């Protein structure tokens, strides 16, 4: 099953002492639609499963991807979270329209 959730706001939490290094939560019209949890480089990423319980997209990435995601959030609009539950592949995607060149 595929899930695609557009979002218009996000909240970044960067932890000093927690089970994960950072968390970005995404919302659309004030309702949470998903999150990306960033795990330590030493953590086995295979221990975490991308999922979509009740349509809420829950993705896991290594902390080394944090700055890449922050740059996408800063530079690209509009954006969406994507998850294919059959294979566990998740992503943050740009949703830009194609404009005609004159």
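Read-outs: derived from the displayed coordinates by stated rules, not from any lab. Note that this is a predicted model, so its numbers are computed, not measured.
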Run through the DSSP bridge list for the chain and note the antiparallel percent, rounded to the nearest 5.
80 percent
Helical contribution to [θ] at 222 nm, DSSP H n ≥ 4, -39,500 (n - 2.57), averaged over the chain, rounded to 500
-3000 deg cm²/dmol
Within the P(r) computed for segment 10-81, what percentage of the Cα pairs occupies the region above 22 Å?
20 percent
Working from Cα positions, state the angle (0 to 90°, nearest 10) between the long axis of helix 66-75 and the longest principal axis of the chain.
20 degrees
